Structure formats: C-alpha cells, structure tokens
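Report on the structure given below.
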Amino acid sequence: MRYGPLACILLLAGAACTTVPDRAYFPPPDRDHTRLLATTLYRVAQAAGDNPARYSFAMIATRDVSAYTAEDATFYFSEGLARQSGRAVDALVAHEVSHELLGHRGQRRSLSLGLSAGFTVLGIVVPGAGLLDLLVSPLVVRAYTRDQEIAADLKGADILGALGYDAPRRALADALREAAKVNGAPRGGWLATEPTLEERLAALEPLEPVAEATR
C-alpha cells in the first residue's frame, strides 16, 4: 500500500463535473501539495466511513483558502488551502467532504429545479408570475446554501473527532478564522452564499476547553 493515499487522485478526464473553477489544473503527483491533500483526503474519507477510492481532486491556482465540491466525489482545493497548517487542512477538507456525504450539491439542484417548475406552473395560472422565479429562486437557494455550510461545519467536526482530535469543534473554528485572515471575512446578506464568520463560529459553540485543544 505504498501508494495507497494517492489512489484517491483520479485524473478527472472521466469526471462528470459541469463547472470547473477558474485556474483549475491537474497537480503533478510528486508535488508536496498533492501528497498532502491526497493523504488528508484519504484519511478524512476513512474516518467518515466512506470509500477513499471514489474520491478525486484537482487544484486551483490561487492564494485564497477555498474548496469546491463537484460531481462524483470530485473536489477542487486551492493552493492557499494547501499552505495552511496541517490541522487547518484536516478541518477544511473534512468540511468539504461533509458536503459530499450530506448530498448537498444534489439537494441544491433539486431545490432549484423544483422552484423553477413551480413558478412555471404558476405563470400559466397567473400570467407574468413566472418572472418571480428570476428573483425568488436565487434568494431561496442561497439561503439554503448558507444552511448547508453550517451543516457541513457540524459534520466536519464529527469527522475530526473520528480522526482523533480531542477538540474537533475548536480545530474547525480555528481553521475558519485562519481562512478569514487570508480571504477576508465573508459578507452576509440575502445574496450571500455562505454565512458570516460569526454565524459559523456561533453554530460550533460550545467549543471545547483550550486545554483539550492543545493536547
């Protein structure tokens, strides 16, 4: 199993990803960032009770700390994320894997299609009402997406606990703070696709005592 952790890197030629982030690329297998993320993804998948062999990832050339979930357990991790501490990388990868485990991408798609279908039917009964889809659907889907971020944080903390962290919620909270130092604090509002940092930290309360986090 010398190359076991790298087995989860499947070059994405066959992936059914419909949206590729800007500046995404296939990382060379021998690069330090590749090995770090491959090993982390493998460990996180195992801790979550999933099959690491079905996971794959690519990189995004940016200093921002970011990650995206695509189709078929495919992830995009930024170079900025790979530069974080090992503890933060564990936490942020666990958060992103949680989106896959919770089926968030498919749920958002179903919600969006359901809303559009509903407004189309309404437009037949009430002429012009279908145009509300352009206004209401993005607001509803984005609010739902914000809820999913909170759910992924909580699930990610559970995975960190399975990885052996004594203070998993504190580890994730620290990772969110470190990411905000690089990216800037997320802005709130109706059009936001993620909660504010304060909202995410509040959802992780109560944090474990500092003494547990330093073990």
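The values are calculated or read from the model by the stated rules, or taken from the named source; none is laboratory data. The shown structure was predicted, so the numbers you read here are calculated from the model rather than taken from an experiment. Counting neighbours? That spans all protein chains shown, and the Cβs are built from the backbone with ideal geometry, glycine included.
Tabulated values for the structure
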{"quantity": "Residue among 66, 85, 78 that alone is under 21 Å from residue 148 (Cα atoms) and modelled with pLDDT of 95 or more", "calculated": "78"}
{"quantity": "Helices (runs of 4 or more DSSP H) wholly inside segment 131-215 containing at least 2 residues that are more than 15 Å from the chain's Cα centre (by Cα) and at pLDDT below 70", "calculated": "132-162, 210-213"}
{"quantity": "Subset tally (residues that are crowded, with 19+ Cβ neighbours inside 10 Å and out of contact with any Cys (no Cβ under 7 Å at 6 or more places or on another chain)) for segment 48-68", "calculated": "9"}
